[in-house]
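Nothing in this text is a laboratory measurement; each read-out follows from the coordinates by a stated rule. Since this is a predicted model, take the numbers as computed values, not measurements. Heads up, the Cβs are rebuilt from the backbone with ideal geometry, glycines too, and the neighbour counts pull from every protein chain shown.
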Amino acid sequence: MKLRIAHGRLIDPANHIDRIADVFIADGLIAAIGDAPADFTVEREIDATGLIVAPGLVDLCARLREPGNEYRATLESEMHAAMAGGVTSLAIPPDTDPPLDEPGLVEMLCHRAKKLNRAHIYPVGALTVGLRGERLSEMAELTAAGCVAFSQASRPITNNAVLLRTLQYASTFGFRVWCQPGDPYLTRDGVAHDGEVAAHLGLPPIAAAAETIALYTILQLAEHTGARLHIAHLSCASSLPLIREARARGMDVTCDIDIHHLHLDESDIGYFDTHCHLAPPLRARADRDALRAALAAGEIDALCSNHAPVNDEAKALPFNESEAGAIGLELLLPLALKWAREDSIALPEALARITLAPARILDSQRAGHLSVGTRADLCIFDAEGHTPVTRETLTSNGKNTPFLGQTLPGKVRYTIVEGQIMYASDA
Amino acid sequence: MSTPHHPQLDRDGRLQHLLTLEGLPREILTSILDNAAPFLAVAEREIKKVPLLRGKSIFNLFFENSTRTRTTFEIAAKRLSADIVNLNISTSSTAKGESLLDTIDNLCAMHADMFVVRHASSGAPFLIARHLANIGRNDIHIVNAGDGRHAHPTQGLLDMYTIRHYKGGFEHLRVAIVGDILHSRVARSQIAALTTLGVPEIRVIGPGTLLPHDCARLGVRVYHDIREGLRDVDVVMMLRLQNERMNGALLPTPQEFFKVWGLTAEKLALAKPDAIVMHPGPLNRGVEIDSAVADSPQAVILPQVTFGIAVRMAVMSMLAA
């Protein structure tokens, strides 16, 4: 199908484009920007007057819950959520059941996703077998099956000798290792930041040092091995200088934060709101503010959803017994826009954090930008529109979000994957 | 985000549940203490009963065992003529896989008027309160009988009653709380109530392993040296040291704890001569308190128990009568 997206404000951070321009799509690729190619006959036109035309969003962490946790969500339900959120590429962490440590499993997942024909998936393979932190996974085989990086998801390796070996092995091939820093002993029983709220509510605490100690260890070992590193889901202001110093020493290290840590802090737990039971935990206000500033400055590369559908029953428990996590695929754009609005961030800058930057972390040339000749994945949205967050309006199978009941800025109008309109909504 | 409406007050600011003393308005706190006084006299009568809660069904929901606390609520309910049912749920339905809220729904269907809830997890009574609000059962009241490390409001109230009884007021007092603050719901409720009632100086005394990180955030002065911490105090509130904390990572041995932080006559002598000694029970003699102190005239531990019944009667009658 030959598609013309007419009169929209095209924002493509990769190519420094921010102007009213038409986009022409043919055979699933971007055919031209601005003027139509010579032989182009428009078969379908989208009138994007007043709308923003951006690259499809790239989410670095979306749990689709397959295989193993289909009662929480399915590939199908969460792919729909991705489309509703304008997310056209997403990385899947390996904490499925069983974990993504078998090439066959990864192949099956890729095959299932392809059949659904919605967002492109980027599986992140398990760094160790069963995520047990003992034996190296078959990283070369897993890469051949489709994995783009390796991680332990949120299960840190206890034995630093094993961590060292995984980094050495990954660096042999130039694979990027993703780490979510958390000292296994200091985080074990904790459910909330070791701060005022945990002290008052009597919740088992997790000190900021649990993150910084692990981060320091990871950085030291990565530097020693020359491994390429991505640090996932920072939560503490005190982690930022460590990242800064590592980069100053020339290390290849990227990092992200999630939408919850961009907007919320420990006080949002209120009276034991289990929707705010997250991993890593919501930290102090000062941490949140420092992370926001670092994201604005580009010290934090990307913003992700850290999407984790949890069934109602697992949240309807006392705080420390409830399951951690919140959904975010459909909130990634609205919460990026909310941040941009609150902190006066230029729209192209804000969009770069959820398109170009995460695509670079995934080493993907095909996602996150709208250069002529690349895959036509687009998110067309109304920046002045609104996204109400209710159980009824959310497409994800999970309804677990601290933002339930709020109305957030921005509204996705069209999601286009390889030139196909996969989602369309009214104003 | 703004702090949500406090779930223990109704829209008119009246007490709907008793979940915590933190954020409980001073007038309500004081009125509970005032209402408790006449109930003390009930126990002195030949017939120790008043008909305030006749026909009301109260369920003691103890998801964590505590014979003593359960008994005090049972006695209080019976003296108010309520029908009380004891459920030890740690050995019943949840052990069979039923969720907490399913249990609550079942008891709602049995026309309960009040739940007295003890649970090992902080915040469990808040979860139940939110659920009751969601299903529109505002006719059912909850009394928190201790949730995890968070709160034990009736213990805090009976402690305030005891202090007021012996000291006449709060605004001139220096109060020390000694022992395991970190894991103590009692300490959190005491600190909240003492703060609300205007005690100018609250001290906490204990080792670093048993104090919340940056404990001063709770509005208290922190002492590691018990001798320094007890100097010139009017009230000494001892906490119970749980068995599982005595040996291992938090404390080397109960013997060392007693030697350093145990309350002896010699240490108590540093407090004001008329200082009172309180303890929520059950006592660990020779661990947190020496028998000579526990049995001395300065100890008001048994009156605390008596006052506890009256305070629980006051709370239950204010909620459900």
Take the Cα atoms of chain A, find their three principal axes, and give me the spread along each one in whole Å, biggest first.
63, 48, 43
Please state the Cα pair-distance histogram of chain B with 20 angstrom bins from zero: what percent is in each bin?
33, 57, 10
Could you tell me what % of all Cα pairs in region B:153-300 have separations over 24 Å?
22 percent
Apply the a/c threshold of 1.5 to the C-alpha gyration tensor of region A:61-198 and tell me whether it is rounded, prolate or oblate.
oblate
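Give me the dipole magnitude in Debye, nearest 20, for chain B about the Cα centre, with unit charges on the beta carbon: positive for Lys and Arg, negative for Asp and Glu. List each step's numbers first, then the result.
On the way: 34 positive and 32 negative charges, 55 e Å.
The calculation lands at about 260 debye.
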Under 23 Å Cα to Cα from residue B:167, which lysines show up? Leave out anything in the same chain fewer than 8 places away.
B:267, B:272
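Hey, with R₀ at 25 Å, roughly what FRET efficiency would residue B:321 and residue B:120 work out to, going by the Cβ-Cβ distance, to 0.05? Present the calculation step by step, with values, prior to reporting the outcome.
Numbers: r = 30 Å, r/R0 = 1.21.
Once rounded, the FRET efficiency stands at 0.25.
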P(r), alpha carbons of region A:128-267 - 10 Å bins starting at zero, rounded %
12, 41, 32, 14, 2, 0
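By the scheme Lys and Arg +1, Asp and Glu -1, what is the net charge of all other residues having a beta-carbon under 11 Å from that of residue B:84? Numbers along the way, then the final one.
Working: positive: B:56, B:70, B:78, B:79; negative: B:74, B:83, B:113.
Result for the neighbourhood of residue B:84: +1.
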Averaged over its residues, how many other protein chain Cβ atoms are within 10 Å of peptide A:264-277's Cβ atoms?
4
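Just how large is the dipole of the protein assembly as shown about the Cα centre, in debye to the nearest 20, putting +1 at every Lys and Arg Cβ and -1 at every Asp and Glu Cβ?
Details: 71 positive and 87 negative charges, 345 e Å.
Computed about the Cα centre, the dipole is about 1660 debye.
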Nearest 10 degrees, 0 to 90: helix B:185-196 Cα axis against chain B principal axis
90 degrees
With the protein assembly as shown reduced to its Cα atoms and the Debye formula applied, log10 I(q)/I(0) at q = 0.07, 0.09, 0.10 1/Å amounts to -0.58, -0.87, -1.01
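Taking only Cα atoms of region B:176-216, what ratio of Rg to Rh do you get with Rh as the Kirkwood inverse-distance radius?
Values: Rg = 9.9 Å, Rh = 10.4 Å.
Looking at region B:176-216, the ratio lands at 0.95.
If we count other beta carbons within 10 Å of each Cβ, what is the order of A:178, B:261, fewest first?
B:261, A:178
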Two pseudo-spin positions, 7 Å from Cα along C-beta at residue A:286 and at residue B:216, lie apart in nanometres by 1.3 nm
For residue B:201 and residue B:256, calculate 0.36 nm times their separation in residues minus their Cα-Cα distance, and state this gained length in nm to one decimal.
17.0 nm
Label 7 Å along Cα→Cβ of residue B:66; region B:122-142 residues with amide nitrogen under 20 Å?
B:122-130, B:141-142
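Sort largest first and round to whole Å: the equivalent ellipsoid semi-axes of region A:243-326, each the square root of five times a Cα gyration tensor eigenvalue. Mind showing how you got there, number by number?
Values: eigenvalues 167, 38, 19 Å².
The three semi-axes for region A:243-326 are 29, 14, 10 Å.
By how many nm would the segment from residue A:372 to residue A:71 grow when fully extended, if each residue of separation counts as 0.36 nm and the alpha-carbon distance is taken off? Walk me through the intermediate numbers first.
Details: separation 301, 0.36 × 301 = 108.36 nm, distance 4.13 nm.
Separation in residues times 0.36 nm, less the Cα-Cα distance, equals 104.2 nm.
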Once you place label points 7 Å from the Cα toward the Cβ at residue B:45 and residue B:90, how far apart are they in nm?
3.6 nm
Give me the angle, in degrees from 0 to 90, between the Cα long axis of helix B:26-42 and the longest principal axis of the Cα atoms of chain B, rounded to the nearest 10.
80 degrees
Please give, to one decimal in nm, the separation of the simple spin-label points placed at residue A:349 and residue B:139, each 7 Å out from Cα toward the Cβ.
5.8 nm
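Write down, largest first, the equivalent ellipsoid semi-axes of region A:23-133 in whole Å, where each equals the square root of 5 times an eigenvalue of the alpha-carbon gyration tensor.
Working: eigenvalues 247, 40, 30 Å².
Each semi-axis is √(5λ); the values are 35, 14, 12 Å.
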Give, as a single signed number, the net charge of other residues whose beta carbon lies under 11 Å from the beta carbon of residue A:61, with Lys and Arg counted +1 and Asp and Glu -1.
-3
Mind checking which lysines have their Cα closer than 18 Å to the Cα of residue A:411? Skip sequence neighbours fewer than 8 apart in that chain.
A:338
Region A:191-241 and region A:261-286: distance between their alpha carbon centers, rounded to Å
15 Å
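Using the beta-carbon distance between residue A:420 and residue A:386 and R0 = 35 Å, what value does 1/(1 + (r/R0)^6) give for FRET efficiency, to the nearest 0.05?
On the way: r = 26 Å, r/R0 = 0.75.
Step by step, r from the Cβ atoms, then E = 0.85.
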Can you tell me the 0 to 90 degree angle between the C-alpha axis of helix B:100-109 and the longest principal axis of chain B, rounded to 10?
50 degrees
Taking the C-alpha atoms of region B:46-138, how large are the radius of gyration and the largest Cα-Cα span, Dmax, in Å?
13.7, 45
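Grab region B:1-136 and count how many Lys pairs have their alpha-carbon atoms under 24 Å apart, sequence gap of 8 or more, or different chains. Don't jump to the answer; show the numbers that get you there.
On the way: B:48/B:56; B:48/B:78; B:49/B:78; B:56/B:78.
Going through region B:1-136 pair by pair, I get 4.
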Would any residue of region B:30-49 have its amide N under 20 Å from a label point 7 Å out along Cα→Cβ of residue B:306? List them or say none.
B:33-49
Residues B:317, A:396, B:291, A:235 arranged by fewest to most Cβ contacts within 10 Å
B:291, B:317, A:396, A:235
Can you run the Rg to Rh ratio on region A:278-375? Use alpha carbon positions and the Kirkwood inverse-distance Rh.
1.04
Starting from the Cα gyration tensor of region A:292-336, take the square roots of the eigenvalues, sort them a ≥ b ≥ c, and report rounded, prolate or oblate (rounded when a/c is under 1.5, otherwise prolate if a/b is larger than b/c, else oblate).
prolate
Among B:295, A:273, which comes first, then next, by fewest other beta-carbon atoms within 10 Å?
B:295, A:273
Around residue A:216, under 14 Å between beta carbons, what's the net of Lys plus Arg minus Asp minus Glu among the other residues?
-2
